[in-house]
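What follows is a single structure, written as structure tokens, with notes after it.
Rule-based calculations on the coordinates, nothing more; no lab input. Note that this is a predicted model, so its numbers are computed, not measured. No Cβ is skipped: glycine too gets one built from the backbone with ideal geometry, and neighbour counts run over all protein chains shown.
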Amino acid sequence: MRRSLFPSDDALPTWLHSLLLILIVSPFGVPLLWWGLQAMATAHLAPLSGPDFGQFFFGAVTLNGKPAKVAGLSLVVLGCAYFALAAQFSRLACTTLLLRALPWVLLAISTLLSLWVKAHR
């Protein structure tokens with residue numbers, strides 16, 4: 001097992017360490033999953049504000065139909081990337097290359113889906 005950046009992390013039980021990782025990424029991943037699943041279910045996505053004021057994930061227009069569903073899928077994949085990032089820092093990821101690469105693969109997939117939405121809205 002690789003050494004942790006914080007030695008006190010090594011003293012935590014594995015279940016508590018994993019739970020803390022999930023709790024840390026949940027405020028970032030859960031809203032994206034919620035908005036994405038809602039957009040996929042209703043085929044409607046209102047403009048979502050990005051990290052900066054006046055910046056939007058998919059533009060300042062409401063998406064309907066297939067672009068809304070693909071945008072929802074992009075948000076779901078991005079939300080899963082946050083949870084994969086938590087898995088990347090878990091103790092299980094020390095032995096699994098897939099868990100270390102998964103967040104970056106999901107981020108790339110989300111970006112490609114987002115570019116498709118921007119081209120077809």
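Table for the structure above
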| item | result |
| --- | --- |
| Distance (nanometres) between label positions extended 7 Å along Cα→Cβ at Ala108 and Thr14 | 2.9 nm |
| Under the Debye formula (equal points on every Cα, no solvent term), log10 I(q)/I(0) of the chain at q = 0.12, 0.15, 0.17, 0.19 Å⁻¹ | -0.51, -0.71, -0.84, -0.96 |
| Unit charges at the beta carbon, dipole of the chain: most positive-side option, Gly36, Phe58, Trp116 | Trp116 |
| Helix 14-42 vs. the chain, principal-axis angle (Cα, 0 to 90°, nearest 10) | 10 degrees |
| Helix-derived mean residue ellipticity, 222 nm - over the chain, DSSP H n ≥ 4, -39500 (n - 2.57), to 500 | -22500 deg cm²/dmol |
| Net charge dipole size for the stretch 8-120 [Lys, Arg +1 and Asp, Glu -1 on Cβ; Debye, nearest 20] | 360 debye |
| Cα long-axis angle, helix 97-120 against the chain (0 to 90 degrees, to the nearest 10) | 10 degrees |
| Footprinting exposure proxy for Ser26, Ser114 (fewest neighbouring C-beta atoms within 10 Å first) | Ser26, Ser114 |
